[in-house]
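Every number here is computed from the coordinates shown, using simple stated rules; none is lab data. For clarity, every value in this text was computed on a predicted model and none was experimentally measured. Neighbour counts run over all protein chains shown; Cβ positions are idealised from the backbone, glycine included.
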Amino acid sequence: MRNLLSLRLDAREMTSAASVAPSSGAMTIGDRLAPADGESFRVAMRQLAGGVCLIAHGVGVERVGQTATSVTSLSVDPPSLIVCVSRGTSSYPGLAPGIAFGVNVLGAHQQEFADRFFDGAGISGAERFDYGHWIVSPSGAPLLSDSLAAFDCEVDDIIERHAHAIIIGRVKGVAIRKQGGALVFWRGVYDSLGWDDDELSRAVGVTPRAL
């Protein structure tokens, strides 16, 4: 028997397909294609849903961090990932090859962290870490204890292009919680993906076992 999550995803896909199926005379992507400028590029990129992460480094009062949605895997062997950040953020100057940093994947219930670590939130530096339970990884990176997943990383290389920088991180350790939905950012707003334990419990009448 197929599980409830598969059924729910299938239902979403069917609904989405029905809502975007082109009707007779409807404009297609080819009809809409136009030269790219800054504004059209931003609007188009907002159609790309992304997971929400906290990038953090430093120790004690020197801790800094920021919200990031441009995080992706680079390599499995060796385990590596990429983080794209603005060079104008408060946490960027402290990043350099060999520096330990944490990538914390936020769950659907953790939007408060995303808001708190946004550079325009009015909270900066170590004050951002006053909320939540943080631990220090073996390499010295700040990790959020109840994130969906956490990556203990070391900066392998930094490539600066235009106003941003590509941080290549060598992953030294991972932690996975396997519970709850994910926080995503789509079309300029936060949304959630997947079912959390409460939703599953209401659907099947059984509280999921912690994994």
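Pair-distance distribution P(r) for region 63-211, from all Cα-Cα distances in 5 Å bins starting at 0: 2, 9, 17, 21, 21, 15, 8, 4, 2, 1, 0 percent. Between amide H atoms placed 1.01 Å from N, distances below 5 Å from HIS164 occur with ARG87, all of them 5 or more places distant or on a separate chain. For the peptides 169-181, 136-148, residues were scored by their other Cβ atoms within 10 Å and the scores averaged per peptide; the highest-first order is 136-148, 169-181. If you look at the Cα atoms of region 133-177, you get an Rg and a Dmax of 12.5, 36 Å.
The ranking of MET27, MET45 by Cβ neighbour count inside 10 Å, starting from the fewest, reads MET27, MET45.
Arranged from highest to lowest average of other beta-carbon atoms within 10 Å per residue, in what order do the peptides 183-190, 105-112, 67-74 appear?
105-112, 67-74, 183-190
Subtract the Cα-Cα distance of VAL174 and ALA44 from 0.36 nm times their separation in residues, and report this length gain in nm to one decimal. Length difference between fully extended and current span is 43.6 nm.
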